[in-house]
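Values quoted throughout were computed directly from the atomic coordinates according to the rules given, and no laboratory measurement underlies them. Every value quoted in this text rests on a predicted model; they were computed, and no experiment measured them. Glycine also receives a Cβ, built like all others from the backbone with ideal geometry; neighbour counts cover every protein chain displayed.
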Amino acid sequence: MPCELKEKERMGVINPIFTCQPAGAQYVSIGIKDCIAIVHGGQGCVMFVRLWFSQHFKESFEIASSSLHEDSAVFGGTHRVEQAVDILLMRYPDVKVVPIITTCSTEIIGDDVDGAVAKLNNGLLKEKYAGREVHLIPIHTPSFQGSHVTGYDVAAEAIIKHFAKSGMIPKLNVFTGWQNPGDTHVLKHLLAAMEVPANLIFDNEEFDAPLMPEGNYVAHGSTTIEDLANTGSATATIVLNRYEGGKAAAYLQSKFHIPAVIGPSPIGIRNTDVFLQNVKKITGKAIPKSLVKERGIAIDAITDVAHMFLADKRVAIYGNPDLVIGLAEFCLDLGMKPVLLLLGDENSNYPKDPRIQELQNNVDYDMEIIMNADLWELGDRLQNQGLKLDLILGHSKGRFIAMDYHIPLVRVGFPIYDRAGYYHYATVGYEGARVLAERMANVWFNDMEYTKNKEWLLGMW
């Protein structure tokens, strides 16, 4: 079979692509307005995740910790949840949403977080914070299974289950998944051009906090409690990323009979076309000429670089699964050859994913898709298995492999901490397709110059 889906053969992880479930849940929490999550575990479970976010966005985010110590590992730590909630509500009078996110340590010792939430709802909140709107939401994300992608999915489902209700003004639910603010901006632009009232869940466009004359702003998302409640009254739900919001969409479909459209991620011209056609089919709104023109501009820009510079380039891609698959589909449309796709977690749904099945049925050259992969898999194939690559697509953690083997790295995904402002760059929509194709070409041009690889073409192009 030219396209083979398989597990990595080693036990253990060397240079991981992914991080843990609580990180994904924390990412969901910072997309909600008036929300500060409490991570029930050691301080490092918050400190390193906040660092991760800050490195990518160059902003500070508010996430709290129950800060467990050694005694809690023996005697239990639910009392730390109760203390953390009380202190958080005292210090932040505007906070209304408090997800309580478990970690590997608290799941292993068996802390009853759901019981602690019930106790707080019936005690502290009624006695000390009577009349104040506070939502405590337990989210179970043991770090010893899954990844930050599954953590995002689990947290999205838990929060939607808590808030969703019927009887509100119907809008179109759009679960954006783990996107950059630049992607969210493009999605809003596409929906506004079609005049579709949409409810973007865990909206992160305002993560880029401004420095204003009256003072600094803390970065936070703009999805409100009303927006979350409104998800139960939607006309339909579109989930852009199958593994980052699919659980929430399935719940809304079963509980409120809201039809769900899962993907595809609108990466590239083809998948953006599908996204807009899905919106048109759901809402009855026409696709305006302005978007047709935008599509034409993107195709023209892609045509300028694809045939001469990108066609037949061999590429490896790693990162979040929906991103990796979407990028692979886009590269195939450009005439490129994705030869290695690295998915950094183990998910029983990958073999059943229709996009992966389509690759297996249609790719006519050797391609590997590795589940539960790490970046050692990429390095090993380059060093020991004769893998030849022209480009690598992925986040900043692959920079040392790219440097060691002198292969251009196109930085895309999360986290990107060694370049400035990449969270502004769109990957989705027609704009994202144009920008991504031009970025790949420019990285390749730079390599042509340094390696003297037909660099004379750049003077004649």
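Points to keep in mind about this one:
- Take each peptide in 158-167, 304-313, count the other Cβ atoms within 10 Å of every residue, and average; sorted highest first, the result is 158-167, 304-313.
- DSSP finds beta bridges in the chain, and of those with both partners inside it, around 10 percent are antiparallel.
- Distance between the C-alpha centres of the stretch 278-326 and the stretch 53-78: 39 Å, rounded to the whole angstrom.
- Using the Cβ-Cβ distance between D34 and E195 with R0 = 25 Å, the FRET efficiency computed as 1/(1 + (r/R0)^6) comes to roughly 0.30.
- Value of relative contact order over the stretch 21-146, rounded to a whole percent, pairs C-alpha under 8 Å and six or more apart: 32 percent
- Within the shell defined by Cβ-Cβ distances under 9 Å, the residues around V218 carry a net charge of -2, with Lys and Arg each +1 and Asp and Glu each -1.
- Rounded to 10°, Cα long-axis angle of helix 246-256 versus longest principal axis of the chain: 50 degrees
- Peptides 143-152, 41-50 ranked from most to least packed, by the mean per-residue count of other Cβ atoms within 10 Å: 143-152, 41-50.
- Helix 375-384 and the long axis of the chain differ in direction by around 30°, with both axes built from C-alpha atoms.
- With contacts taken as Cα pairs under 8 Å at a separation of at least 6 residues, the chain carries a relative contact order of 19 percent.
- Note on the stretch 141-193 and the stretch 105-130: Cα centroid distance 26 Å, given to the nearest whole angstrom.
- Local electrostatic count, A198, Cβ distance below 9 Å [Lys/Arg +1, Asp/Glu -1]: +2
- A236 long-range amide H proximity, modeled H, under 5 Å: N173
- For the stretch 172-287, the antiparallel share of DSSP beta bridges with both residues in that region comes to about 15%.
- Gain upon complete extension [M168, M11; 0.36 nm per residue less C-alpha separation]: 51.5 nm
- Packing-based ranking of 429-441, 274-286, 224-236 yields 429-441, 224-236, 274-286, ordered from highest to lowest mean Cβ neighbour count within 10 Å.
- Helix 268-283 vs. the chain, principal-axis angle (Cα, 0 to 90°, nearest 10): 50 degrees
- Pairs of Cα atoms nearer than 8 Å and 6+ residues apart set the relative contact order; for the stretch 249-383 it is 19 percent.
- The sum of -39500 (n - 2.57) across all DSSP H runs of n ≥ 4, divided by the residue count of the chain, sets its helix-only mean residue ellipticity at 222 nm to -13500 deg cm²/dmol.
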